[in-house]
Amino acid sequence: MNREIPIFFTINDDYAPFLAVALNSAIKNCNKNRRYRAIVLHQGLNQTNTEKLKALETENFKIEITPMKANFESLDDRMSNRLRCDYFTLTIYFRLFIPAMFPQYDKGIYIDSDVVLTDDIAKLFDTDIGDNFIGACSDLSIADIPELVHYTEDAVGVKKHDDYINSGVLLMNLKKMREYGLEEHFLNLLNTYHFDSIAPDQDYLNAMCNGKIHYLDNAWDTMPNDAHPPLEKTYLIHYNLFSKPWCYDGVQYEEEFWHYAKDSGYLEEIKEYKANYTEDKQKADSECLQLLVKRGNEIPDTEITFKKLHEKGVKIRL
């Protein structure tokens, strides 16, 4: 088995240093007998960052850096007449367009850039997800926040909050998503209802793929959580929301991040970023989290939610 493993990322200039750490960790843990291709779609990445990221690639782990807009424009006519939202709005939902943008792949991985790999990403790619659209992990970051549990069950419409997945790590059945017209269905929902959501692409994925999700071992999306002890075994650590060691001290699994940051090409920039993470920025993080929780508590009571429309017979799920 040696087919190429496509791994999709999306960034802007500000996130280049953290993507470099993620790529470095993936390369350090890859199988030298397999072939990997990191496909980095960007919005305005400068030449210096482009060159520094490309410098990480190895013989069996290629890094392809391409403007996101060029890929949106390459979408075929069956989609273009539906793209009524502006380009910047659609980039929020980037991962939903991967199947249509990359028809050469039947299977692929999407990963957020605030991660480090502690095992070979090929093991995730080789996971059999059967007839499901995606493989993903339960979003454990919301489990201890009653307002967000309420939101996932009573607005998004999952049976129980453990069924609500985090979209930061996705094993995607791209072929099946194309066959079922995922992006067209999404655009119809978006343009018709504009659902109020707290995690836009994640909530649409949970609603549309409900019942067709393969739940991965949570070690593939390990998130820092001070309410729980660290996992003994991790495959991928996801510094989700505000649990970022380049912003704060004492974050769970911070040692792994700094280990791969050392020779990422960006260590000094990351240290400087952290040194400049002021009390005002930390206060803004806290206020943002409070607003997220507040909205999570309010949205289920609005008239238009995924769950309410599904119960009225509107086609939400693929």
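The values are calculated or read from the model by the stated rules, or taken from the named source; none is laboratory data. Note that this is a predicted model, so its numbers are computed, not measured. A quick note on method: Cβ atoms are made from the backbone with ideal geometry, for glycine too, and the neighbour counts reach across all protein chains shown.
What about Asp226, is it modelled with pLDDT under 95, surrounded by fewer than 23 Cβ atoms within 10 Å (Cβ to Cβ) and within 15 Å of Leu96 (Cα to Cα)? For Asp226, the condition - modelled with pLDDT under 95, surrounded by fewer than 23 Cβ atoms within 10 Å (Cβ to Cβ) and within 15 Å of Leu96 (Cα to Cα) - is not met.
Being crowded, with 21+ Cβ neighbours inside 10 Å, in contact (Cβ under 8 Å) with a residue 60 or more places away in the chain, of a type in the set (Ser, Thr, Tyr) and within 24 Å of Phe94 (Cα to Cα): is that true of Thr305 here? Yes; evaluated as a whole, the condition is true for this residue.
Search the range 165-177 for residues being in a helix (DSSP H, G or I) and out of contact with any Gly (no Cβ under 6 Å at 6 or more places or on another chain), and hand back the single one that is farthest from Asp128 (Cα to Cα). Ranking the qualifying residues of the range 165-177, first place goes to Met177.
Suppose we filter the range 71-99 for residues that are part of a helix (DSSP H, G or I), within 17 Å of the chain's Cα centre (by Cα) and either among the polar types (S, T, N, Q) or at pLDDT 85 or above (or both); how many remain? Looking only at that region, the number is 8.
Which of the residues that make up the range 214-224 are out of contact with any strand residue (DSSP E or B) (no Cβ under 6 Å at 6 or more places or on another chain) and either of a type in the set (Lys, Arg) or assigned to a strand (DSSP E or B) (or both)?
Tyr215
For the range 183-198, the condition of being touching a strand residue (DSSP E or B) at 6+ places or on another chain (Cβ under 8 Å) and farther than 12 Å from Ala100 by Cα holds for none of the residues. For Val293, state whether it is surrounded by 12 or more Cβ atoms within 10 Å (Cβ to Cβ) and under 30 Å from Pro245 (Cβ atoms). Against the criterion (surrounded by 12 or more Cβ atoms within 10 Å (Cβ to Cβ) and under 30 Å from Pro245 (Cβ atoms)), Val293 qualifies.
Contact annotation: no residue pair with Cβ atoms under 7 Å, 6 or more positions apart or on different chains, pairs a residue in the range 115-131 that is farther than 14 Å from Ala38 by Cβ and without any contact (Cβ under 8 Å) to a residue 40 or more places away in the chain with a partner that is among the small types (Gly, Ala, Ser) and not in a loop (DSSP other than H, G, I, E, B). Pairs only if they're at least six apart or on different chains, beta carbon under 6 angstrom, first in the range 178-206 and part of a helix (DSSP H, G or I), second among the charged types (D, E, K, R) and buried (at least 20 other Cβ atoms within 10 Å of the Cβ); list them, first residue then second. Short answer, once both residue conditions are applied: Asp201/Arg95. Selection of the range 129-147 for residues being outside any loop (DSSP other than H, G, I, E, B) and either small (Gly, Ala, Ser) or more than 26 Å from Phe9 (Cβ to Cβ) (or both) yields Gly135, Ala136, Ser138, Ser141, Pro146, Glu147.
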